[in-house]
Each structure stands twice: as C-alpha cells, then as structure tokens.
Amino acid sequence: MIEDGLWLALFPASYIIHFAEEFWGGEGYSAYLYRLRGIAITKHRFVILQALGFVLFVVGCAVSYSLNFPQLMIAILSGFVFGNGVSHTITAIADRRYGPGLIASAVLWIPLGVISIWLLLGRMSNLRLVVGVVIGLAINGAVALATLRGGKIAEARTK
C-alpha cells in the first residue's frame, strides 16, 4: 500500500500538470472560457488564481499529514480532482472540441480520484470517506461558480 505522504504528494504534482495543460493547451483556458461562456479572465489573473489553488493543495496536504488526517484530505482532494475532471470532460463533449485541461483530466485526474477513493475503502469509515469526497466535490463546484460569477463581474466592471 502507498504511504500517505507520498499519496498526498501526487495531488499537488498532478495539479502542476493540469495547470500546464490549461495554460498552454489549445487556445489556453482564459481564451477558452471567454469563447465558451463569455468569462473574461486575463492570463495574469488565471496564473495568480492557479498559484493560489496550488498553494492551497500543498498547505492542505502538509497540514493534514502533520495533524494526522491524511486519508480525509486524500478523500477531499479525490472528490475535487474527480469533479474537475468530469466537468472538463462533459464540457468538451458538449462543445465537441478539445478544451484545455481535458487530457490531464481524462488521463490523470479522473483516474487519480477514482483509484484513490477505491484504495481508501476499508482504510477509513465509509461515512468519513463519503463526507470527504462530497466536500471535495463541493469545493470544486464552488470554484467553478466563483469563476463563472467572478469573470462576469469583472467584465461588467470594465463596461
């Protein structure tokens, strides 16, 4: 079985790969969001927000490991990456085009989320596992909503 610290480290490492594809893949995620949803986020703002997300991943992993709740954090991050991966996949199918982040989602984040949840079965209570995954899914939803609302608010301010 994989050691909790190494397992946790997979999430920030995968975040970097996902970010790189979102930034350099296709038209870039900022342009993609604008074309698809009318969300105006500059590349600079996108990088700042992604850096904040990365720091939160790293801090969450470090704190959970230090305070002895790494499995709960793995469940939370699994829910987050799975939800984000599914969101990218559904959006690309609906748009019938590649979207930045799709490959990392399909090849890395969806499998990482599913395999991690499966490996946690029996290592923690089912209730705690479900709560962790739901928290991760909710965080992903909140980030998506903030992105949608924040981009439109920023666009409205510039008019």
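All of the numbers you see were taken from the coordinates with simple rules; none came from a lab. All of these numbers come straight from a predicted model, not from anything done at the bench. No Cβ is skipped: glycine too gets one built from the backbone with ideal geometry, and neighbour counts run over all protein chains shown.
Using the Karplus relation 6.51 cos²θ - 1.76 cosθ + 1.60 with θ = phi - 60°, the per-residue 3J(HN,Hα) values for region 58-75 come to 5, 5, x, 5, 5, 5, 5, 5, 5, 9, 6, 9, x, 5, 5, 5, 4, 5 Hz, with x marking Gly and Pro. Counting only alpha carbon atoms, the long axis of helix 4-24 and the longest principal axis of the chain meet at about 10°.
In the elastic network of the chain, a GNM with C-alpha springs shorter than 10 Å, the most mobile of Leu137, Leu120, Leu129 is Leu120. For Ala20 and Ser125, the FRET efficiency from 1/(1 + (r/R0)^6), where r spans their Cβ atoms and R0 equals 30 Å, is about 0.25.
Relative to the longest principal axis of the Cα atoms of the chain, the long axis of helix 110-120 makes an angle of roughly 20 degrees. With 10 Å bins beginning at zero, the pair-distance distribution over Cα atoms of the chain amounts to 11, 40, 32, 15, 3, 0 %. Cα axis of helix 126-158 to longest principal axis of the chain: angle in degrees, 0 to 90, nearest 10? Orientation of helix 126-158: about 20 degrees from the principal axis.
With neighbours defined as other Cβ atoms within 10 Å of a residue's Cβ, the residues Glu3, Glu27, Glu22 order from fewest to most as Glu3, Glu27, Glu22. The phi-based Karplus calculation (6.51 cos²θ - 1.76 cosθ + 1.60; θ = phi - 60°) puts the 3J(HN,Hα) values of region 88-103 at 4, 5, 4, 5, 5, 5, 5, 7, 6, 8, 5, x, x, x, 5, 5 Hz, whole numbers, x for Gly and Pro. Sequence-ordered 3J(HN,Hα) estimates for region 36-51 from the Karplus curve with 6.51, -1.76 and 1.60 and θ = phi - 60° stand at 7, 10, x, 8, 9, 10, 5, 4, 4, 5, 4, 5, 4, 5, 5, 5 Hz, glycine and proline given as x.
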